[in-house]
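The values are calculated or read from the model by the stated rules, or taken from the named source; none is laboratory data. Note that the coordinates shown come from a computational prediction; the quantities given were computed from them, not determined experimentally. All Cβ positions, glycine included, derive from the backbone under ideal geometry; neighbour counts span all protein chains shown. Keep in mind that these areas ignore ligands, DNA and RNA; they rest on the heavy atoms of the full protein, side chains included. Shrake-Rupley method; radii C 1.70, N 1.55, O 1.52, S 1.80 Å.
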2 protein chains.
Amino acid sequence: AGDAAAGKAKAAVCTACHGVNGKAMIPSYPHLAGQQAQYLELALKAYKNGERTGGQAAIMSGMAKPLSDEDIANLAAYFSSL
Amino acid sequence: AGDAAAGKAKAAVCTACHGVNGKAMIPSYPHLAGQQAQYLELALKAYKNGERTGGQAAIMSGMAKPLSDEDIANLAAYFSSL
């Protein structure tokens with residue numbers, strides 16, 4: 001499993017859209033707080049691998065592209081812990 | 001906005017994976033309870049339109065394919081209300 005503390009440090013850029021507490025202000029962006037960690041990892045990897053396209057996916061693919069698997073595990077651990 | 005009561009009726013098949021209260025038992029499946037309605041609509045439409053591929057997306061695309069826009073709005077209203 002990921003390291004939530006390391007995930008929190010990495011999550012600064014995510015909070016702009018997903019909210020500082022993982023509750024998105026913008027209705028078309030998902031809440032991440034309390035989401036399943038394993039699902040969050042799968043979703044981030046799908047964005048990173050280009051398996052999610054269209055609309056908002058372009059933004060998220062850009063965000064996910066530079067993330068390592070370790071970053072992804074840590075971010076998933078962090079948001080699922082909220 | 002969708003009709004949550006109509007969404008609840010439509011959601012019977014969803015509960016097998018996403019849980020009767022929108023909290024998924026299987027770690028790789030997302031919780032839907034309390035998720036943003038507009039995001040849920042966008043996600044369902046992305047599955048329906050084939051904009052999400054790979055891994056689990058195949059299952060969800062099959063689920064989303066037969067849904068009308070009204071079904072999607074109702075399901076989103078229902079799960080976001082939980």
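Note on B:55-64: average number of Cβ atoms from other chains within 10 Å of each residue's Cβ is 1. Computed over the protein assembly as shown, the P(r) curve from all C-alpha pair distances, binned at 10 Å from the origin, holds 11, 41, 37, 10, 0 percent per bin. Start at zero, step by 10 Å, and the Cα-Cα distances of chain B spread as 21, 58, 21, 0 percent across the bins.
When only the Cβ of Lys, Arg, Asp and Glu is charged (+1, +1, -1, -1), the dipole of the protein assembly as shown relative to its Cα centre reaches about 20 debye. Burial annotation for region B:38-54: residues with an accessible-area loss of at least 10 Å² between the isolated chain and the complete set of protein chains, computed on heavy atoms with a 1.4 Å probe, are B:38, B:39, B:42, B:47, B:51, B:52, B:53, B:54. Each part reduced to its alpha carbon centroid, region B:1-17 and region A:27-82 end up 25 Å apart.
Plainly put, the tip 7 Å out from Cα toward Cβ on residue A:59 is 2.8 nm from that tip on each other copy, the closest given first.
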